[in-house]
Ligand SMILES: NC(=O)c1ccc[n+]([C@@H]2O[C@H](COP(=O)([O-])OP(=O)(O)OC[C@H]3O[C@@H](n4cnc5c(N)ncnc54)[C@H](O)[C@@H]3O)[C@@H](O)[C@H]2O)c1
């Protein structure tokens, strides 16, 4: 089976792709490689923008996985225009040309951010999703666009993932547990911004397994699925990360509790993914911290801008603005 992974050079793709290769799938990755390339040499590489692909480029693939776009709220708010293009238009365009080219399955990386602010309910996929922020709106728009292409010959699976955490060769330190781990090791302190807020947490191993379950699901399955390892309050996550680090590394960590308002609050049911995809999570906060402890020498250069998506986006925007002004100077404008 041939699979094209768009945005496969990112945090999630860098863990998923070795697992797909180990199952003997033929994998090509189309990516702009904003964060470098940490993929195994066995993966085929197309270093380009999704919008530069045509239906002819997609002939011969069985499945396409979309993992691209601006992947968090700070990026979306920094560049709302790009956010709507990369998170809503790009997955729609890619699904449209994939279907045209005869690809039979499309898997879309959605997010539980689409649920916005909920109170005292365990949300399932039938609950109407409402977000008033650019990232959540665009992830929902992308999902709506790709889901409407589903039919008996074109399966579409959307995975609404909780916050992914854990070690990846393309590391991110801007995801809740990874951030707490970094500040615990760097400053001996974990800051909890609002202990009452609920977040579904997803270990990166569970996230990759949810994609494998989707790739290998019966051809007639389409649908939207919540994917998480568990629901936690941010206060509980802080306590669990602190005790896991203290136990595993034998150091003492301070906890600072704040009460900053948040615009996201939700806990999700993963029953549908268990029933239809046979997705059962294995990870939890302790296992995520264990993966960070094991690999911490790989990302101990804590301040590297590549680990913080918003810092990298600002660098990219600045360098393209410089290029535009130097072209304008060269043209005598
Ligand atoms: N990480 C999470 O916690 C999380 C949670 C829910 C959903 N998601 C979604 O999962 C997907 C993967 O997340 P991640 O953390 O691996 O993201 P990431 O930011 O690490 O990777 C995104 C990759 O997409 C590439 N890219 C972006 N736009 C592109 C374009 N137009 N053409 C080609 N390549 C492009 C980038 O170069 C990068 O390698 C994203 O769609 C994100 O919105 C992530």
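The values are calculated or read from the model by the stated rules, or taken from the named source; none is laboratory data. Being a predicted model, the structure only gives us computed values, none of them experimental. So basically every Cβ, Gly included, is an ideal-geometry build from the backbone, and we count neighbours across all protein chains shown.
Of all the residues that make up the range 188-216, how many are in a loop (DSSP other than H, G, I, E, B) and out of contact with any strand residue (DSSP E or B) (no Cβ under 7 Å at 6 or more places or on another chain)? Total satisfying the criteria: 3. Filtering 242, 258, 252 for residues that are out of contact with any helix residue (DSSP H, G or I) (no Cβ under 6 Å at 6 or more places or on another chain), touching a residue at least 24 places away in the same chain (Cβ under 8 Å) and surrounded by 20 or more Cβ atoms within 10 Å (Cβ to Cβ) leaves a single hit, 242. In the range 298-310, the residues that are more than 14 Å from residue 10 (Cα to Cα) form Cβ pairs under 6 Å with partners that are part of a loop (DSSP other than H, G, I, E, B) and within 11 Å of the ligand (Cβ to nearest atom), at six or more places apart or across chains, as follows: 299/171.
Check the range 53-71 and report whether any residue there is surrounded by fewer than 19 Cβ atoms within 10 Å (Cβ to Cβ) and within 10 Å of the ligand (Cβ to nearest atom). Among the residues of the range 53-71, not one is surrounded by fewer than 19 Cβ atoms within 10 Å (Cβ to Cβ) and within 10 Å of the ligand (Cβ to nearest atom), which makes the answer no. Would you point out the residue of the range 17-36, among those that are in contact (Cβ under 8 Å) with a residue 40 or more places away in the chain and more than 9 Å from the ligand (Cβ to nearest atom), that is surrounded by the fewest Cβ atoms within 10 Å (Cβ to Cβ)? Within the range 17-36, the match that is surrounded by the fewest Cβ atoms within 10 Å (Cβ to Cβ) is 23. The number of residues in the range 144-163 being within 13 Å of the ligand (Cβ to nearest atom) and farther than 21 Å from residue 209 by Cβ comes to 1. If you check residue 136 against the conditions, is it closer than 21 Å to residue 198 by Cα, modelled with pLDDT of 95 or more and under 16 Å from the mean Cα position of the chain (by Cα)? Answer is yes for this residue. The residue of the range 225-237 that is farthest from residue 107 (Cα to Cα), among those that are touching a residue at least 60 places away in the same chain (Cβ under 8 Å) and surrounded by 21 or more Cβ atoms within 10 Å (Cβ to Cβ), is 237.
If the condition is being in contact (Cβ under 8 Å) with a residue 40 or more places away in the chain and either out of contact with any strand residue (DSSP E or B) (no Cβ under 6 Å at 6 or more places or on another chain) or not in a helix (DSSP H, G or I) (or both), then the range 288-297 contributes 289, 290, 291, 292, 293, 294, 295, 296.
Of the candidates 39, 4, 12, the single residue that is within 9 Å of the ligand (Cβ to nearest atom) and crowded, with 16+ Cβ neighbours inside 10 Å is 12.
Scanning the range 104-116 turns up at least one residue that is assigned to a loop (DSSP other than H, G, I, E, B) and either within 15 Å of the ligand (Cβ to nearest atom) or surrounded by fewer than 22 Cβ atoms within 10 Å (Cβ to Cβ) (or both).
So, in the range 122-143, how many residues would count as being free of Cβ contacts under 8 Å to residues at least 40 places away in the same chain and either away from the ligand (no atom under 16 Å from the Cβ) or assigned to a strand (DSSP E or B) (or both)? Residues flagged as free of Cβ contacts under 8 Å to residues at least 40 places away in the same chain and either away from the ligand (no atom under 16 Å from the Cβ) or assigned to a strand (DSSP E or B) (or both) within the range 122-143 amount to 4.
When the residues of the range 207-224 are filtered to those that are crowded, with 20+ Cβ neighbours inside 10 Å and within 23 Å of residue 116 (Cα to Cα), the one that is nearest to the ligand (Cβ to nearest atom) is 207.
When you scan the range 79-94, do you find a residue that is assigned to a helix (DSSP H, G or I), surrounded by fewer than 16 Cβ atoms within 10 Å (Cβ to Cβ), free of Cβ contacts under 8 Å to residues at least 24 places away in the same chain and more than 10 Å from the ligand (Cβ to nearest atom), even just one? Yes - at least one qualifying residue is present in the range 79-94.
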